[in-house]
Amino acid sequence: MKVDLYERIWMYAVVVMLAAFFTSTAIAAARGGIHPPSHVETINPKSAFSDPRLAPQGVAVDQNGHVHARVIGLTFAWMPAEMTLPAGTPVTFHVTSTDVLHGFQIVGTNGQAEVIPGYISQFTTQFDAGDYLIACNEYCGVGHHTMASKLHVVPREQWHAPAPTITTSTGGQHGGH
Ligand code: CUA
C-alpha cells in the first residue's frame, strides 16, 4: 500500500504523541499516588445533615483511632467551613452533596473527589503541616467561586483529637479507598 510521505510523517507523529500522553499520565499517577475514588456508598441527600455517617460534620475519630473528616457540600459552601487535622496521619474523607454536583479539592495535595448528591465520596490521604484551601472545582452555579473552606494541618502532638465519635457500624468503614 502506498502511503504518501506527509501522511506517513503524521501517522508516526500521532503515535509518538499518544505514547507521550499515556506515559506522562501513567508516571503522574504512579508518582503522585493519584487514583480515581472507587468507593460506592449511597445516601439520601435530603437527610444527609442528620445521617449518622456524616453528622456531626467535621473531624471525628473512630474506636480504632483512625481519623475521619466528614464534609457536606451545598450551594455555595463546604460544611464545616474550617477543619484542623494532624500532619502525617492517614485521614479518610467522606464527602457528599445535598443539591448539585460539586468538586472537592484540597488545593496543592492529592486530596480530591467529585461530590455527587446521593453518594458518599471517600478517599484516604495524609498531609504535611500547613494551611490548605479547600475549593470547589466543579462549576455549580453563580456562587461557585465563593465555595471554599479552610484546612489547617498541625503537627500531630499539637492536635487535639476529638473523642471517638464513630463506630464501624455507622460509617467508619475501612474497606476501600
Ligand atoms: Cu460547588 Cu462549584
Q) Limited to segment 86-109, what total is found for residues that are of a type in the set (S, T, Y) and more than 13 Å from I120 (Cβ to Cβ)? A) 2
**Q.** Scope segment 64-85; condition away from the ligand (no atom under 16 Å from the Cβ) and within 17 Å of F123 (Cβ to Cβ); matching residues
**A.** H66, V67, H68, A69, R70, M83, L85
Q | Within segment 114-137, considering residues that are touching a helix residue (DSSP H, G or I) at 6+ places or on another chain (Cβ under 8 Å) and part of a loop (DSSP other than H, G, I, E, B), the one farthest from the ligand (Cβ to nearest atom) | A | G118
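Rundown of residues vs (1) at pLDDT below 95; (2) in the same structural domain as H145 (by TED's automatic domain parsing), yes/no style:
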{"site": "K2", "(1), (2)": "yes, no"}
{"site": "V16", "(1), (2)": "no, no"}
{"site": "S50", "(1), (2)": "yes, yes"}
{"site": "G65", "(1), (2)": "yes, yes"}
{"site": "T84", "(1), (2)": "no, yes"}
{"site": "A87", "(1), (2)": "no, yes"}
{"site": "P90", "(1), (2)": "no, yes"}
{"site": "F93", "(1), (2)": "no, yes"}
Q) Restricting attention to segment 86-106, which residues are assigned to a loop (DSSP other than H, G, I, E, B), within 11 Å of the ligand (Cβ to nearest atom) and out of contact with any Asp or Glu (no Cβ under 9 Å at 6 or more places or on another chain)? A) D99
Q) From the list V91, V40, which residue is β-branched (V, I, T) and either buried (at least 17 other Cβ atoms within 10 Å of the Cβ) or farther than 30 Å from T165 by Cα (or both)? A) V91
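The values are calculated or read from the model by the stated rules, or taken from the named source; none is laboratory data. Keep in mind the model is a prediction, meaning the values are calculated, not measured. Neighbour counts are summed over all protein chains in view; Cβ atoms, including those assigned to glycine, are modelled from backbone coordinates with ideal geometry.
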